[in-house]
1. Looking only at residues that are under 20 Å from residue 65 (Cα atoms) and outside any helix (DSSP H, G or I) in the stretch 21-49, which one is nearest to the chain's Cα centre (by Cα)?
2. Just checking, how many residues over the stretch 55-66 are part of a helix (DSSP H, G or I) and loosely packed, with under 15 Cβ neighbours inside 10 Å?
3. Name the residues in the stretch 128-140 that are without any contact (Cβ under 8 Å) to a residue 12 or more places away in the chain and in a helix (DSSP H, G or I), would you?
4. Can you tell me which residues in the stretch 122-152 are surrounded by fewer than 16 Cβ atoms within 10 Å (Cβ to Cβ) and farther than 26 Å from residue 34 by Cα?
5. Residue 95 - would you say it is assigned to a helix (DSSP H, G or I), touching a helix residue (DSSP H, G or I) at 6+ places or on another chain (Cβ under 6 Å) and either at pLDDT 95 or above or under 25 Å from residue 4 (Cβ atoms) (or both)?
6. Could you grab the pairs with beta carbons closer than 8 Å, sequence gap of 6+ or different chains, first residue in the stretch 157-186 and on the phi < 0 side of the Ramachandran plot and surrounded by 11 or more Cβ atoms within 10 Å (Cβ to Cβ), second one at pLDDT below 85 and not in a helix (DSSP H, G or I)?
7. Select from the stretch 150-167 the residues that are assigned to a helix (DSSP H, G or I) and in contact with a helix residue (DSSP H, G or I) (Cβ under 7 Å, 6 or more places away or on another chain) and write down the one among them that is farthest from residue 30 (Cα to Cα).
């Protein structure tokens, strides 16, 4: 019971930090405005780690690679700690490789959950209060993912159904990702 509680606490802390790093990465990629409470919060939570990482890891192709790398390292550390606490196999070279790949799956899963949240909030704000201070951030992040679907899916009665289509595609992607992770890594069901 203590080990499960410890895992939940660590999973929440590491997951929150990974989510903040991915949000920073998405916001910079989408050129979303950072001069708002959400952007300032994300900077405050992640700056202590991202600033030193920028000296070692350059950004490329519009992606904030230091934030993305730190998100991966955070998940790798979490899974390594869980493997160490569970006593499953010690730290052999192959175990480190497995942890590295499992961390990639975890980062992709968290990024998909983040995108799902962004699309839902963006759609809700567009219906309820399109002039809300945070609406431009969510719209800027969601727009590049919705644009290809908006070209294919016409407005029906003046309603944009592309967020629903994107949410369906993201749910399918989560299912495929979970299935691939279960089949490749039966020991790491996180």
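The values are calculated or read from the model by the stated rules, or taken from the named source; none is laboratory data. Because the structure is a prediction, the values reported are computed rather than measured. Here Cβ is always computed from backbone atoms with ideal geometry, including for glycine, and neighbour counts include all displayed protein chains.
1. Out of the qualifying residues, it is 30.
2. Adding up the residues that qualify gives 2.
3. The one that is without any contact (Cβ under 8 Å) to a residue 12 or more places away in the chain and in a helix (DSSP H, G or I): 128.
4. Within the stretch 122-152, 151, 152 meet the criteria.
5. no
6. 181/188; 181/189; 182/189
7. Across the stretch 150-167, the extreme among qualifying residues is 165.
Here's the yes/no breakdown for (1) at pLDDT 95 or above; (2) within 20 Å of residue 19 (Cα to Cα); (3) not in a helix (DSSP H, G or I):
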| position | (1), (2), (3) |
| --- | --- |
| 108 | yes, yes, no |
| 111 | yes, yes, no |
| 120 | yes, yes, no |
| 126 | no, no, no |
| 142 | yes, yes, no |
| 148 | yes, no, no |
| 169 | yes, no, no |
| 176 | yes, no, no |
| 190 | no, yes, yes |
